[in-house]
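Colleague: Below: one structure in structure tokens.
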Amino acid sequence: MKKALFALLPVAALTLSACGSGGSDSGASATAHGPITIWYSNNAQEVAWGKNMVAAWNAGHPKEKITAQEIPAGKSSEEVIGAAITAGNAPCLILNTAPAAVPGFQKQGGLVPLDDFPDGKKYLQERVGDRLSQYASPDGKYYQLPWKSNPVMIFYNKDLFRKAGLDPEHPKLSSYQDFLATSRKLVAAKAAKAAIWPAPTSEFYQSWFDYYPMFTAQTGKQLVEDGKAQFASPDGIKTAQLWKTMYAEGLAPKESYNGDAFAEGKSAMATVGPWAVSVYGDKLKWGAVPVPTADGAAGKGTFSDEKSIGMYTSCKNRGTAWDVMKFATSKEQDGKLLEATGQMPMRTGLTSVYPSYFASHKDYEVFAQQAEHTVEAPNVPNSVEVWQTFRDTYTRAVIFGKGDLTTALKDAAAKVDKLAQGQ
């Protein structure tokens, strides 16, 4: 969830070296049972869900009680987790483990491969389906349980579209050409200062909310596949060129906005997940459409904005921890998470699993459909450096329009290839 994680996240948070023990395996066993500790997100809705989940578990397991708390405060959740791994005092489970952080945590020796459990891979496969392979580490093992996603779409302000003389019920946003034309009309009519206002800053994760959703819709690919960067392909360059034009024409501002530009009517569109329904639902009249593709064809995917559950090597009672992971991601608890947060559990066939929820929450149905086609950040060595290398190039070549775009992306791809191969 974009607003709950990665705020002011320093690159160092996810690139901690593998120093220290990273937690000890002594006394730990996949069959050991007893009390465990867990951390969950500090998002209010998730905290409420987490407390209820823990109470339900503890009521039925007096000898295996969970002690739970929010992730301790720090510059970022990931920095706190990385420090806890180094100190060997991480909790058994963290119900907010970012996939992009997994390679770094794994390098520290901080994560337990869930393949250690006899039913581990089987449970993951049955829950997540075809998307599971995106969460495998380079050694082929699974160090995370994909838990919940916020499939990214384009939110738009119907009143601002109407003000610009556009049809708010049938917006033309499906192709890059339509997206540009609509953006130009919005700004020319002064319906809003910006057509869309993604953060133009250089933090590595910002590409997840401007370039990457459109790239995944166009290609169905991750930023890196089979150790090779994909963004310097013809399709990747088309996506970058669209954004370069948006910035060059002032349709997307090059300066940051101190606040929420979409909520305050300064931008007519935003790239968001289903969490936005409850945030914006009562403030403005909105619509949601899939992110555009070059020719307007149906997208091949969208960024997942997913969070996983990780089991950490400092955990002694791993048998209990695994049972709690399955309990927390059961059909019942997933349904309660959906009710409480509107975030999409990472399980196949969501609308058929929870028909009554989607029948009474029509606004979320389109996100559930998108949730079946999510694309994750690649699980590769030097994950954060990969993203930072791309973002630095994107900032110079796309946002500020410096140099030749194709050359810049190809040069960045060569650097990313080496990083993703562990060099």
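The values are calculated or read from the model by the stated rules, or taken from the named source; none is laboratory data. Nothing here was measured: the structure is a model prediction, and the numbers come from that model. Methodologically, a virtual Cβ is constructed for each residue, glycine included, from the backbone with ideal geometry; neighbour enumeration extends over all protein chains shown. Note: areas computed on protein heavy atoms with side chains; ligands, DNA, RNA excluded. Shrake-Rupley method; radii C 1.70, N 1.55, O 1.52, S 1.80 Å.
Colleague: Out of all the residues in the range 249-261, is one or more aromatic (Phe, Trp, Tyr), at pLDDT 95 or above and surrounded by 23 or more Cβ atoms within 10 Å (Cβ to Cβ)?
Modeller: No, the range 249-261 has no match at all.
Colleague: Can you confirm whether the range 359-366 contains a residue that is in contact (Cβ under 8 Å) with a residue 12 or more places away in the chain and polar (S, T, N, Q)?
Modeller: no
Colleague: Return only the number of the condition from (1) under 21 Å from the mean Cα position of the chain (by Cα); (2) part of a helix (DSSP H, G or I) that Tyr143 does not satisfy.
Modeller: It fails just one condition, (2).
Colleague: Specify the residue that is most open to solvent (accessible area, probe 1.4 Å); the eligible residues are those in the range 151-182 that are in a loop (DSSP other than H, G, I, E, B) and in contact with a Phe, Trp or Tyr (Cβ under 7 Å, 6 or more places away or on another chain).
Modeller: Ranking the candidates gives Pro171 first.
Colleague: Could you give me the residue pairs with C-beta distances under 9 Å whose first residue belongs to the range 232-247 and is open to solvent by 10 Å² or more (accessible area, probe 1.4 Å), whose second residue is part of a loop (DSSP other than H, G, I, E, B) and basic (Lys, Arg) wherever it lies, and which are 6+ apart or on separate chains?
Modeller: Within 9 Å, the pairs are Ser233/Lys221; Asp235/Lys221.
Colleague: Among the residues in the range 122-130, are any open to solvent by 10 Å² or more (accessible area, probe 1.4 Å) and acidic (Asp, Glu)?
Modeller: yes
Colleague: From the list Lys148, Lys185, exactly one residue is charged (D, E, K, R) and open to solvent by less than 10 Å² (accessible area, probe 1.4 Å). Which is it?
Modeller: Within the list Lys148, Lys185, the selection yields Lys148.
Colleague: Right, next: Determine whether the range 51-60 contains at least one residue that is touching a Cys at 6+ places or on another chain (Cβ under 8 Å), at pLDDT 80 or above, open to solvent by 50 Å² or more (accessible area, probe 1.4 Å) and farther than 30 Å from Thr201 by Cβ.
Modeller: No, the range 51-60 has no match at all.
Colleague: Which one is nearest to Ala321 (Cα to Cα) among residues in the range 31-48 that are open to solvent by 10 Å² or more (accessible area, probe 1.4 Å) and in a helix (DSSP H, G or I)?
Modeller: Val47
Colleague: Now for a different question. When you scan the range 318-423 for helices (runs of 4 or more DSSP H) that lie fully inside it, which ones turn up with 3 or more residues that are open to solvent by 60 Å² or more (accessible area, probe 1.4 Å)? Walk me through it before giving the result.
Modeller: Numbers: elements: 318-328, 331-341, 350-353, 355-360, 362-371, 383-394, 405-420.
Correct list: 331-341, 355-360, 362-371, 405-420.
Colleague: Counting just the residues of the range 98-127 that are assigned to a loop (DSSP other than H, G, I, E, B) and not hydrophobic (A, V, I, L, M, F, W, C), which one comes out farthest from Phe303 (Cα to Cα)?
Modeller: The extreme case among them is Pro118.
Colleague: Also: Name the residues in the range 136-145 that are of a type outside the set (D, E, K, R) and open to solvent by 10 Å² or more (accessible area, probe 1.4 Å), would you?
Modeller: Within the range 136-145, the first condition is being of a type outside the set (D, E, K, R), and the residues that meet it are 136-138, 140, 142-145.
Listed by number, the residues that qualify are Ala136, Pro138, Gly140, Tyr142, Tyr143.
Colleague: Right, here's the next one. Take the range 256-284 and flag every residue that is among the hydrophobic types (A, V, I, L, M, F, W, C), in a loop (DSSP other than H, G, I, E, B) and closer than 21 Å to Thr201 by Cα.
Modeller: Across the range 256-284, the qualifying residues are Ala261, Phe262, Ala263.
Colleague: I'd like to know if the range 285-307 contains one or more residues that are surrounded by fewer than 16 Cβ atoms within 10 Å (Cβ to Cβ), out of contact with any Phe, Trp or Tyr (no Cβ under 6 Å at 6 or more places or on another chain), modelled with pLDDT of 95 or more and part of a helix (DSSP H, G or I).
Modeller: no
Colleague: Please work out which one of (1) of a type in the set (Lys, Arg); (2) farther than 30 Å from Glu64 by Cβ; (3) more than 18 Å from the chain's Cα centre (by Cα) is the condition Lys300 fails and give its number.
Modeller: In the conditions (1) of a type in the set (Lys, Arg); (2) farther than 30 Å from Glu64 by Cβ; (3) more than 18 Å from the chain's Cα centre (by Cα), Lys300 misses (3) alone.
Colleague: Right, next: So which residues in the range 308-317 are polar (S, T, N, Q), touching a Cys at 6+ places or on another chain (Cβ under 8 Å) and assigned to a loop (DSSP other than H, G, I, E, B)? Write out each step before concluding.
Modeller: Applying the first criterion (polar (S, T, N, Q)) to the range 308-317 yields 308, 313-314, 317.
Okay, now just the ones that are also touching a Cys at 6+ places or on another chain (Cβ under 8 Å), so 314, 317.
The one that is polar (S, T, N, Q), touching a Cys at 6+ places or on another chain (Cβ under 8 Å) and assigned to a loop (DSSP other than H, G, I, E, B): Ser314.
Colleague: Turning to a different aspect of this structure: In this structure, is Leu95 open to solvent by less than 10 Å² (accessible area, probe 1.4 Å) and assigned to a helix (DSSP H, G or I)? Show your work before the answer.
Modeller: Details: open to solvent by less than 10 Å² (accessible area, probe 1.4 Å): yes; assigned to a helix (DSSP H, G or I): no.
No; evaluated as a whole, the condition is false for this residue.
Colleague: On to the next question. Of everything in the range 211-231, what is under 16 Å from Thr389 (Cα atoms) and crowded, with 23+ Cβ neighbours inside 10 Å? Give them in sequence order.
Modeller: Once the filter is applied, which keeps residues that are under 16 Å from Thr389 (Cα atoms) and crowded, with 23+ Cβ neighbours inside 10 Å, the range 211-231 yields Tyr211, Tyr212, Leu223, Val224, Ala229, Phe231.
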